[in-house]
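Worksheet: one structure, shown below.
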Ligand code: CDP
């Protein structure tokens, strides 16, 4: 079957990364979590007290940042920042609270998009994020746009945080998701929107397995009909 690029975009906590990971596993594709890259940059900025209003400081910091992914013994992809495993830390609320502001910066986005495009050179990848189908790979053979009801999203995120012993009340989570939706959709540089030709899936009332089955079905269709 022909190799394709699968771009999965959408709002936070719609099941993007769970679906993308599972689809990649089934198809034997590589999974890239673009959000983890923006989270890693944010963690570095927080830890080094980088001011978002100082372009010189930001550029110097970006020059120091090296992000990579490694698959652990359990087959799970983990994010490394300058060779340090930051997979857990980048999911903390302190990073979630700041990541969308960092992600509005054009210079940050350009650095990440360059790296993401290099990772997609070989095709056979599933990448999830906010601008994958619109900016990073507008030529992706399959583009999916996920949505879900805000409360359903918040409960899913709360459960994820609880699974790693972070207890956050539902109102705080709803507040964070809505604030990030707003910043992500209204920013000037590659705002979150459904790409031309993307298939929209509302995940409010479907299970993760149904979500995965649907994306795999769409992907196989694209692989079989791809010309060259
Ligand atoms: O996991 P969750 O859906 O909460 O978010 P994420 O995918 O980890 O992304 C975190 C944040 O990074 C988003 O809210 C966006 O502000 C930003 N992001 C982006 O701007 N572009 C991407 N391709 C991916 C993430």
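We did not get these values from a lab; they are worked out from the coordinates using the rules stated. All of these numbers come straight from a predicted model, not from anything done at the bench. Positions of Cβ are generated from backbone atoms using ideal geometry, with glycine treated the same way; all protein chains shown enter the neighbour counts.
Compute the separation of the alpha-carbon centres of region 187-204 and region 68-83 and state it in Å as a whole number.
27
Relative contact order (percent) for region 60-147, with alpha-carbon contacts under 8 angstrom and 6 or more residues of separation?
Rounded, it is 14 percent for region 60-147.
With N residues in region 154-228, what two-decimal value do you get for its Cα radius of gyration over 2.2 N^0.38 Å?
1.48
Can you give the relative contact order of the chain as a percent, counting alpha carbon pairs under 8 Å and 6+ residues apart?
35
Modelling each spin label as a point 7 Å along the Cα-to-Cβ direction, I'd like the residue 48/residue 71 distance in nm, to one decimal.
It is 3.1 nm.
Using only Cα atoms, locate the centre of region 38-58 and the centre of region 148-172, then give the distance between them in Å, rounded to an integer.
Cα centres, region 38-58 to region 148-172: 26 Å.
Hey, could you pull the Cα Rg and Dmax for region 23-92, both in Å?
13.9, 44
Run through the DSSP bridge list for the chain and note the antiparallel percent, rounded to the nearest 5.
The answer is about 30 percent antiparallel.
Output needed: percent of Cα pairs per 10 Å distance bin for region 5-200, bins running from 0 to the one holding the longest distance.
Calculated over all Cα pairs of region 5-200, the distribution is 9, 37, 40, 15, 0 percent.
Sort 25-35, 69-79 by packing, meaning the average of other beta carbons within 10 Å per residue, with the highest value first.
Result, highest mean first: 25-35, 69-79.
Say we join alpha carbon atoms closer than 10 Å with springs in a Gaussian network model of the chain; which of 167, 119, 93 then has the biggest fluctuation?
167
Using only helices, what value at 222 nm comes out for the chain when you add -39,500 (n - 2.57) per DSSP H run of length 4 or more and divide by the total residues, to the nearest 500 deg cm²/dmol?
Mean residue ellipticity, 222 nm, calculated: -15500 deg cm²/dmol.
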